[in-house]
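Below is one structure, written out as structure tokens; comments come after it.
The values are calculated or read from the model by the stated rules, or taken from the named source; none is laboratory data. All of these numbers come straight from a predicted model, not from anything done at the bench. Cβ placement follows ideal geometry from the backbone for every residue including glycine, while neighbour counts extend to all protein chains displayed. Please note that ligands, DNA and RNA were not included when accessible areas were found on the heavy atoms of the full protein model with its side chains. Shrake-Rupley method; radii C 1.70, N 1.55, O 1.52, S 1.80 Å.
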Amino acid sequence: MYGFANSFPNLQFVFYNRCNMFEQITGHQQNKAFLQRFLNREERPHALLFYGPEGIGKCLLAKEFARAFLCQGPDRATAPCNHCESCRLLNFETGNFAHPDYLYFDPMTDEEQEKKKLKIISVNQVRNLIKQAAFGPTLSEHKVCIINEADTMNTEAANSLLKLLEEPPDKWLFILIATSVNRLLPTILSRVIQVRFTPLTLAETKKVLLQKEIPEAEADLLAHLSDGSLGQALRFREERIMDFRDAALKYVAEFPMKAPMTYLLTEDYFSDVIPSAGGNEQLQRFLAMTVSLLRDLLFVKSGLPDQVFNIDALPQLRQIAAKWEAGRLHRAADAARESEAAAIRRANTKSVLDNVTFKINACCEGRV
């Protein structure tokens with residue numbers, strides 16, 4: 001990982017007030033300072049890797065940095081200038097992506113992965129990139145290529161990209177974006193400068209949500225639930241996550257159940273929130289909220305209410321926690337996480353709900 005404080009002890013805070021090019025992006029002050037220094041250096045590495053949790057702004061910052069890097073304005077400290085031809089041709093606010101020296105790759109549904117509905121950076125995409133690497137910049141001094149979710153590359157695609165990174169084309173800068181470095185080849189990691197991104201703070205997440213005119217109570221709850229991921233907070237709102245949370249809260253409050261199967265049949269397998277047709281994503285959301293609530297119950301049981309995500313449900317959580325022992329909650333949370341993983345693997349909805357209900361009930365009664 002790139003060591004900010006250790007590598008630049010005297011420069012750590014110098015550029016904080018000069019990061020105006022990133023002022024619209026919340027948080028990540030050290031990363032912004034590093035990128036500003038990167039702009040001002042004569043000699044630069046040819047590849048960067050932005051990695052960290054999903055939805056915290058890695059890709060957004062990469063795009064804004066690319067715009068500043070390609071800017072033809074006279075002063076690097078104020079790039080992008082928003083006036084030059086480069087800034088006009090690459091403007092994310094207006095939706096203009098006509099810059100000839102800017103390349104961007106997102107995961108696509110590969111033919112072999114069609115049945116699994118998995119999106120990956122395919123070898124065909126990398127081969128297309130290699131063909132374009134034969135050409136140098138035409139407008140700006142450099143070309144910038146962003147590969148989003150680079151950790152979704154299959155082995156063939158990764159090996160093809162490795163060849164390009166081993167012999168990088170002149171005047172090219174590659175920015176790889178990943179959630180997990182563990183899914184990237186060690187040989188690729190050895191050829192990039194790694195820049196770690198950390199989640200946003202609760203206050204930063206809430207601030208952006210409020211700027212989007214989300215009511216304060218809802219913004220506060222979404223900020224807690226998303227755990228520093230603004231992207232996840234916005235997805236939660238779009239996907240009506242509170243409907244799943246409320247259903248999960250009602251579900252968790254039922255334990256211990258005298259007759260789990262009778263409960264399941266009475267609830268008709270939660271058909272109001274998990275429809276029988278195409279309900280796998282809904283099942284995943286329901287189980288994610290169940291895991292979140294069991295986690296919160298552990299914090300309540302441990303006397304740490306300030307760590308609770310579902311802050312609006314704290315009074316109910318205290319009542320529910322009184323029925324549990326801490327060790328049993330640990331095992332119940334593990335069972336819920338296992339079921340969530342099964343849902344992600346596209347297991348049958350009925351089987352997953354049967355299994356998790358009986359396991360959580362057994363944990364609550366101390367039989368597991």
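Values computed for the structure shown
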item	result
Residue among ASN10, ASN6, ASN20 that alone is loosely packed, with under 15 Cβ neighbours inside 10 Å, modelled with pLDDT under 85 and farther than 30 Å from LEU202 by Cβ	ASN10
Total residues in the range 313-325, condition open to solvent by 40 Å² or more (accessible area, probe 1.4 Å) and either assigned to a helix (DSSP H, G or I) or among the basic types (Lys, Arg) (or both)	5
Candidate set: the range 232-266, residues that are surrounded by 17 or more Cβ atoms within 10 Å (Cβ to Cβ) and small (Gly, Ala, Ser); chosen: the one farthest from GLN316 (Cα to Cα)	ALA233
Scope the range 279-301; condition among the β-branched types (Val, Ile, Thr) and free of Cβ contacts under 8 Å to residues at least 60 places away in the same chain; matching residues	VAL291, VAL300
Subset tally (residues that are open to solvent by less than 10 Å² (accessible area, probe 1.4 Å) and free of Cβ contacts under 8 Å to residues at least 24 places away in the same chain) for the range 216-231	3
Search result, residues across the range 202-215 that are open to solvent by 50 Å² or more (accessible area, probe 1.4 Å) and within 19 Å of the chain's Cα centre (by Cα)	LEU202, ALA203, GLU204, LYS207
Some residue of the range 192-201 being part of a loop (DSSP other than H, G, I, E, B), open to solvent by 30 Å² or more (accessible area, probe 1.4 Å) and touching a Pro at 6+ places or on another chain (Cβ under 6 Å)	yes
Residue list for the range 157-187, restricted to those being over 21 Å from LEU103 (Cα atoms) and surrounded by fewer than 17 Cβ atoms within 10 Å (Cβ to Cβ)	SER180, ASN182, ARG183, LEU185, PRO186, THR187
Subset of the range 65-79 [of a type outside the set (Phe, Trp, Tyr), modelled with pLDDT of 90 or more and buried (at least 20 other Cβ atoms within 10 Å of the Cβ)]	ALA66, ARG67, ALA68, LEU70, CYS71
